[in-house]
Amino acid sequence: MLDSPAVFNKLRQALGERRPHLLIPALPLRFGLTPIEQAAELLGGHIQATFGMEQPIDLLGFSIGGVIARSWIQLLEGHQRTRRFISVGSPQQGTLTAQPWPGRVFKGIAGLKWGSGLLERLNSNLDTLHRIECHSFYSAIDLAVLPGWRAVLPIGARTKLPVATHPQLLRDQAAIRPLAQELLRA
């Protein structure tokens, strides 16, 4: 929500030239004012403009970006071309830190609340996710996704990373190494 595409620089460096076709779009979330569904539409536009209409893709989403990616997959037909979905520190089951924010103003943050309408819709039909290889990476003591174990998809593999904070999920080598390995796996 507060990051730019630069947050992926260390991961990009770890991948080197072994994963040359990367799209790291800037999505204008406006500090949580932009609804997640609207950001998912923007993500879909970036994917289509970069990879065309049918090329299969692997998708990694960090933090709110993971919920945006999941919304694109499940609500906007993204499942038809997504091969793998990697969720990193994303409040897929909601987060306590979103609870106090007024949903009428902060529509993007409101989608991250426990029991939000968006998360209920996503969790009510997991058929599209079952067709995709899913993997959640999380930190048990992440203070942005509270509690940390809620940063997992309802299906797929789950890996707890040995880092203490949310930003370390994309900055610390203890997290970068397993993320790069997952992205480089055939």
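The values are calculated or read from the model by the stated rules, or taken from the named source; none is laboratory data. Bear in mind that the values here come from a model prediction, so they are computed numbers and not experimental data. As a convention, Cβ positions derive from the backbone with ideal geometry for all residues, glycine included, and neighbour counts pool all protein chains shown.
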Test: residue in the range 130-144 that is modelled with pLDDT of 95 or more, buried (at least 18 other Cβ atoms within 10 Å of the Cβ), among the hydrophobic types (A, V, I, L, M, F, W, C) and touching a Leu at 6+ places or on another chain (Cβ under 7 Å): yes
Unique match (being in a strand (DSSP E or B), of a type in the set (Lys, Arg) and either farther than 26 Å from His130 by Cβ or in contact (Cβ under 8 Å) with a residue 12 or more places away in the chain (or both)) among Arg104, Arg83, Arg70, Arg12: Arg83
Any hit, the range 21-31, residues being closer than 25 Å to Val105 by Cα and either of a type in the set (Lys, Arg) or part of a helix (DSSP H, G or I) (or both): yes
Residue in the range 63-73 that is of a type outside the set (S, T, N, Q) and surrounded by fewer than 22 Cβ atoms within 10 Å (Cβ to Cβ) present: no
Residues within the range 166-181 that are in contact with a Gly (Cβ under 8 Å, 6 or more places away or on another chain) and in a loop (DSSP other than H, G, I, E, B), tallied: 1
Selection within the range 108-129 - buried (at least 20 other Cβ atoms within 10 Å of the Cβ) and part of a helix (DSSP H, G or I): Gly108, Ile109, Ala110, Leu118, Leu119, Leu122, Leu129
Selected residue (criterion: nearest to Leu143 (Cα to Cα)) from residues of the range 40-65 that are in contact with a strand residue (DSSP E or B) (Cβ under 8 Å, 6 or more places away or on another chain) and not in a helix (DSSP H, G or I): Ser63
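Rundown of residues vs (1) in contact (Cβ under 8 Å) with a residue 60 or more places away in the chain; (2) over 21 Å from Leu23 (Cβ atoms); (3) of a type outside the set (Lys, Arg), yes/no style:
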position	(1), (2), (3)
Ala144	yes, yes, yes
Val152	yes, yes, yes
Leu161	no, yes, yes
Thr165	no, yes, yes
Leu170	yes, no, yes
Ala174	no, yes, yes
Pro178	no, yes, yes
Leu183	yes, no, yes
Ala186	no, no, yes
Residues satisfying the stated conditions in the range 74-102, i.e. among the hydrophobic types (A, V, I, L, M, F, W, C), out of contact with any Lys or Arg (no Cβ under 8 Å at 6 or more places or on another chain) and either crowded, with 22+ Cβ neighbours inside 10 Å or closer than 15 Å to Leu153 by Cβ (or both): Ile86, Val88
Residues that are under 17 Å from Gly108 (Cβ atoms) and of a type outside the set (Phe, Trp, Tyr), drawn from the range 52-73: Gly61, Ser63, Ile64, Gly65, Gly66, Val67, Ile68, Ala69, Arg70, Ser71
Single unsatisfied condition, Ile57 versus (1) of a type in the set (A, V, I, L, M); (2) more than 20 Å from Ile24 (Cα to Cα); (3) surrounded by fewer than 19 Cβ atoms within 10 Å (Cβ to Cβ): (2)
Yes/no for Val163 being touching a strand residue (DSSP E or B) at 6+ places or on another chain (Cβ under 8 Å), crowded, with 20+ Cβ neighbours inside 10 Å and assigned to a loop (DSSP other than H, G, I, E, B): no
